[in-house]
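The values are calculated or read from the model by the stated rules, or taken from the named source; none is laboratory data. No experiment lies behind these values; they were computed from the predicted model shown. FYI the Cβ positions are ideal-geometry reconstructions off the backbone, even for glycines, and counts take in every protein chain you see. All accessible areas refer to the heavy atoms of the entire protein, side chains included, with ligands and DNA or RNA removed. Shrake-Rupley method; radii C 1.70, N 1.55, O 1.52, S 1.80 Å.
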Amino acid sequence: MKLYHSPGSSSLAPHIALREAGLAFDLERVNLKTKKTASDTDYLRVNPKGYVPTLQFEDGTLLTEGPAIMLWVGDQVPEKRLVPSPGTMERYHLVENLNFIATELHKNFGALFDAGAPEAMKDFARGRLEKRLDYLNKALGESLFLLGEHFTVADAYLFTVLGWGKFVDVDLARWPKLATYAGRIGTRPKVIETLKAEGLLKG
């Protein structure tokens, strides 16, 4: 099994999930500008969408889109409780959170990284992002994790997205509960292991 990734991008979330799950996998780095992998493969031949993550299985089957990959990963190790059991309300709350992160946070952050986006569009995205973070800061409350007492793949995704703030002048100090939350997730051994594997953390 191989995860195609780009350091610090949205593929960081399924990378964290794979390590938290304890599954065996290889990493293949992708240059998102050239669309070439570390082994000089044309990434567009792997995933015509041209972005990461992509999980490739031994038989050549592909799974794309971070939330889908993370759900698959969690379902392989139910004892780890990375995703709640199918059919439970907790499962639907997990999907609810993954969708919120993907559409309301990830996409608005993405606009701020777009060098070609008009300033008016970036201002609009920033305003929407700040409102969503206001909501999330309040909704998180004193909970340790998004779904309560247990780390799930939604926490891997939110940690990844919140980490982008420092690159686009979105200071988490304005949202102290989110800042504390991100700091707590960042101390998890498997998260540290993932960050080091991607060259995002020294030591």
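Using the structure shown, select from K2/K107; K138/K177; K122/K166 the pairs with a Cα to Cα distance greater than 18 angstrom.
Values: K2/K107 25 Å; K138/K177 8 Å; K122/K166 16 Å.
Correct reply: K2/K107.
According to the square roots a ≥ b ≥ c of the eigenvalues of the Cα gyration tensor, what is the shape class of the chain, taking rounded for a/c under 1.5, prolate for a/b larger than b/c otherwise, and oblate for the remainder? Before the final figure, lay out the partial values.
Numbers: a/c = 1.61, a/b = 1.11, b/c = 1.44.
Judged from the Cα gyration tensor, the chain comes out oblate (a/c at least 1.5, b/c at or above a/b).
Amide H of E28: which non-local residues (sequence gap of 5 or more, or other chain) have their own amide H closer than 5 Å, using H built in the peptide plane?
L3, Y4, H5
T152: net charge of surrounding residues, Cβ under 15 Å, Lys/Arg +1, Asp/Glu -1, itself excluded? Let's see the in-between values first.
Details: positive: R19, K80, R81, R91, R184, R188, K190; negative: E20, D75, E79, E90, E96, E149, D155.
Residues near T152 contribute 0 overall.
Can you give me the Cα centroid spacing of segment 134-154 and segment 178-200 in angstrom?
16 Å
Suppose R0 equals 30 Å; then what is the FRET efficiency for E90 and D123 from their Cβ-Cβ distance, rounded to the nearest 0.05?
Numbers: r = 37 Å, r/R0 = 1.24.
That gives a FRET efficiency of 0.20.
Ignoring any ligand, DNA or RNA, what whole percent of the accessible area of the chain comes from carbon and sulfur when the probe is 1.4 angstrom?
Values: 5630 of 10430 Å².
Carbon-and-sulfur percentage of accessible area, whole number: 54.
Which whole-number percent gives the relative contact order of the chain, counting Cα pairs below 8 Å spaced six or more residues apart? Each step should come with its number before you reach the end.
Numbers: 256 pairs, mean separation 46.5, N = 203.
Rounded, it is 23 percent for the chain.
If I model a spin label at D59 and K138 as a point 7 Å from the Cα along the Cα→Cβ vector, what separation in nanometres do I get?
4.8 nm
Send over a whole-number figure in Å² for the accessible area per residue of segment 31-152, probe 1.4 Å. Working shown, then result.
Numbers: 7140 Å² over 122 residues.
Ligands and nucleic acids excluded, the figure is 59 Å² per residue.
To the nearest 10 square angstrom, what accessible area does H93 show with a 1.4 Å probe?
80 Å²
Which aspartates and glutamates, on any chain, are close to K202 with Cα under 12 Å apart, when same-chain ones fewer than 8 places away are left out?
E193
Subtract the Cα-Cα distance of L23 and K131 from 0.36 nm times their separation in residues, and report this length gain in nm to one decimal. Could the numbers behind the result be given before it?
Values: separation 108, 0.36 × 108 = 38.88 nm, distance 3.66 nm.
Answer, rounded to one decimal: 35.2 nm.
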